[in-house]
Amino acid sequence: MYVRKPGDVLPSEVTPETVWRARREWMLRTGAAAAALSLPAWARADDALPGRASPLSVMDKQTPFKDVTTYNNYYEFGVDKSEPAKNAGRLQTRPWTVSVEGEVGKPRTFDIDELLKLAPMEDRIYRLRCVEGWSMVIPWVGYSLSEVLKRVEPTSKAKYVEFVSVVQRENMPGVRYAVLDWPYVEALRIDEAMHPLAMLVFGLYGKTLPNQNGAPLRLAVPWKYGFKSAKSLVKIRLVEQQPTSSWMKAAANEYGFYANVNPDVPHPRWSQATERRIGEDGLFTPKRKTLAFNGYGDQVASLYQGMDLKANY
Ligand SMILES: Nc1nc2c(c(=O)[nH]1)N[C@H]1C(S)=C(S)[C@@H](COP(=O)(O)O)O[C@H]1N2
Ligand SMILES: [Mo]
């Protein structure tokens, strides 16, 4: 009979923890640890933020972690895709509070540590379609925005929800330039904000959000162009009138309030019919067809029944 000796590990027992330990021992022995230490802090950070698998996930192949965390739009850190990963290390993410105010019965300021425990974390693989014509598939960690909204008890006058990103002048080289009216402001209609797919995100790939992706918390609204998913939120305001977002102020004819992904409504300067999936683009890789509502039509099309989606772009 086979008798297990201490230290014997069956293949079925090779857990991520085991793998991690083995890798660490190997790194210490070979000196690779020293090399790893020269990586930027966000690439090393192993703050685990696991979530339970969510039925709202899509099955598309996930965009590699490297692309998700180095090809970003976060204009406060520069307009170049590579700049957020280089510059966002200076963002101060603690202490951090989010004030939820306006047309609510119970206005409240939440501490980030409170929000991290407010509802069970879920792993949700969502598509993200940028208005510029590229897309990714990102495994976010978080929960539905409605979890927060229902706790402040919206009044009957709460027709819209406005989201305000942080401004840290000392730490954000991009806010010196008037590309946008800072702070970055976005908004949703209340029924959109209450939809289960509208997500408050605290992590990706099972880890705490890297700063360049909008730490310590951001939105993910997967059926809308990426610019609606504001990063590093400090304020959520429920209001009666439709807010004017930073992008509407910059160019209302190009960036509408709704910004639902729509292959049939071109941007004034380019078509939205197709997209380039980051991570799978080679010279000969065909573009993908962009899907109405980014492929989430079954879940969200009913929100827009009777609306002219060409006029309400
Ligand atoms: N505060 C803030 N939020 C922002 C942006 C920004 O510049 N500032 N860019 C938006 C755009 S255009 C996109 S496509 C997504 C990109 O998110 P990602 O870098 O995590 O992929 O963030 C959105 N949220
Ligand atoms: Mo975007």
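Within segment 222-261, take every residue that is in contact (Cβ under 8 Å) with a residue 40 or more places away in the chain and among the charged types (D, E, K, R) and give me the one that is surrounded by the most Cβ atoms within 10 Å (Cβ to Cβ). Among residues in segment 222-261 that are in contact (Cβ under 8 Å) with a residue 40 or more places away in the chain and among the charged types (D, E, K, R), the one surrounded by the most Cβ atoms within 10 Å (Cβ to Cβ) is Lys231.
Count of segment 132-158 residues, restricted to those that are within 16 Å of ligand 1 (Cβ to nearest atom), part of a loop (DSSP other than H, G, I, E, B) and buried (at least 20 other Cβ atoms within 10 Å of the Cβ), is 1. Of all the numbered requirements in (1) touching a strand residue (DSSP E or B) at 6+ places or on another chain (Cβ under 6 Å); (2) within 30 Å of Ala178 (Cα to Cα), Ala250 misses one, and that requirement is (1).
Checking each residue in segment 159-169 for being away from ligand 2 (no atom under 16 Å from the Cβ), touching a residue at least 60 places away in the same chain (Cβ under 8 Å) and either in a helix (DSSP H, G or I) or not aliphatic (A, V, I, L, M) (or both) picks out Lys159, Tyr160, Glu162, Gln168.
Looking at Asp264, is it part of a helix (DSSP H, G or I) and surrounded by fewer than 14 Cβ atoms within 10 Å (Cβ to Cβ)? So Asp264 does not fit the description; no. Residue count for segment 121-131, restricted to those that are part of a loop (DSSP other than H, G, I, E, B), of a type in the set (A, V, I, L, M) and within 11 Å of ligand 1 (Cβ to nearest atom): 1.
Per the conditions (1) over 25 Å from Lys106 (Cα atoms); (2) away from ligand 1 (no atom under 13 Å from the Cβ), the sole criterion not satisfied by Lys228 is (2). Residues that are more than 28 Å from Thr70 (Cα to Cα), in contact (Cβ under 8 Å) with a residue 40 or more places away in the chain and not polar (S, T, N, Q) do not occur anywhere in segment 126-137. Inside segment 31-59, residues that are surrounded by fewer than 19 Cβ atoms within 10 Å (Cβ to Cβ) and modelled with pLDDT of 95 or more make up a count of 10. What do you reckon, is Val175 in a helix (DSSP H, G or I) and either surrounded by fewer than 21 Cβ atoms within 10 Å (Cβ to Cβ) or within 16 Å of ligand 2 (Cβ to nearest atom) (or both)? The answer is yes for Val175. Elements of the type helices (runs of 4 or more DSSP H) sitting completely within segment 60-120 and holding at least 1 residues that are surrounded by 15 or more Cβ atoms within 10 Å (Cβ to Cβ), of a type in the set (A, V, I, L, M) and within 15 Å of ligand 2 (Cβ to nearest atom): these cover 65-70. Filtering segment 190-245 to residues that are assigned to a loop (DSSP other than H, G, I, E, B), within 16 Å of ligand 2 (Cβ to nearest atom) and closer than 18 Å to Val166 by Cα leaves Gly214, Ser229, Ala230, Lys231, Ser232, Ser245. When Glu132, Glu103, Glu114 are checked against the criterion of being acidic (Asp, Glu) and under 27 Å from Asn294 (Cβ atoms), Glu132 stands alone in meeting it.
The values are calculated or read from the model by the stated rules, or taken from the named source; none is laboratory data. These numbers were taken from a predicted model, which means no experiment stands behind them. Here the Cβ is made from the backbone with ideal geometry for all residues, glycine too, and neighbour counts use every protein chain on show.
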